[in-house]
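Down below is the structure, laid out as structure tokens.
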Amino acid sequence: MRIYKVLFKIFIGFILAFVLIALINFIPTIRLANSTMSVFVGDWVNVYYETEKEAARDAFELAEERARELAELLGLTEKENIRIYIYDKQRTMQTKKYGYIVPFLGLDWHIGDNISTDVILTSPANPGKAHDYNSVKNAVLHEIVHAYNHVLNEDMTYWVDNGLAGYLSGQNPGDIKRYGTIPTLEQTRIKGLTAPIKFADFNGYQYSYSYIEYLDNTYSWDSIKAFAQAGDYEAAFGASEEDIYNGWLRYITD
């Protein structure tokens, strides 16, 4: 019996250590703002920034100009107050989502995200290795759509959420055939903590854009709005999820 008690104590020790490490890891996520941030205040968005004022101003002006339009396209009936936090360094932004583990994740492409209706963004002035000034600035629209989608339908799939964000923010991937293997139906249902990494690995941002493009060219935008709100393929399009997927396959391969 003694050996079992020792093993049990060791097991509990490992569990407690794991929980402690996890708690420490996520300390940076507790507060999105810091005491040195300044703010641009608008009617639709407030942009908090560190030292890169002009880059933050560019992102603010674009967001303020387009936020109402994006809300209307998604069918939102009430104005949402969107707070956008812009960080001088990409790694700082990433730790606000994933914590101190960020250096081990290899997220060079990750320059923005949303946390509920709050948006976090790398400063366009320091875009990192995978982006440039304009692509980061325009990403603010992508993240605003994510924030609106959170209000619209918390159960929206990762695939549809990113498709709408990419499509409405104008992140056209160009010739879709150059992106290689097409995601399976099962891959379009991706979810969970590892979804962002797996999604990027199968070119989900590019393919989900083309998915919404297909819906827009085949059905009405009112149908897409209804689908975004309820997630019901049959009610919105009169077709099953699998039928829509197969129609999209034909659309991108013809």
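The label-point distance for Arg57 and Val19, in a model that sets each label 7 Å from Cα toward Cβ, rounds to 5.0 nm.
Out of Asn126, Phe227, Val47, whose Cα points farthest toward the positive end of the dipole of the chain (charges: +1 Lys, Arg; -1 Asp, Glu; placed on Cβ)? Sorting the options by dipole projection puts first Asn126. Shown here: mean projected area of the Cα convex hull in nm², derived from the displayed model; of the candidates [x] 15.6; [y] 14.1; [z] 17.1, it corresponds to [z]. Based on alpha-carbon atoms, the Kirkwood radius and the radius of gyration of region 154-254 give Rg/Rh equal to 0.92.
Straight-line reach from Lys53: taking Cα to Cα under 18 Å and skipping same-chain neighbours fewer than 8 places apart, the lysines in range are Lys89, Lys137.
Region 220-236 and region 44-103 have Cα centres lying 27 Å from one another.
Normalised by 2.2 N^0.38 Å, where N counts its residues, the alpha-carbon radius of gyration of region 31-152 equals 0.99. Counted as membrane-span-like here are DSSP H helices of the chain whose alpha-carbon atoms extend 20 Å or more along the helix's own axis and whose Kyte-Doolittle mean is 1.0 or above; these are 2-25.
A short reminder: the numbers here are calculations on the coordinates, not readings from a lab. What you are looking at is a predicted structure, and each value in this text was computed from that prediction instead of being measured. Ideal geometry is used to build each Cβ from the backbone, glycine not excepted, and the neighbour counts take in all protein chains shown.
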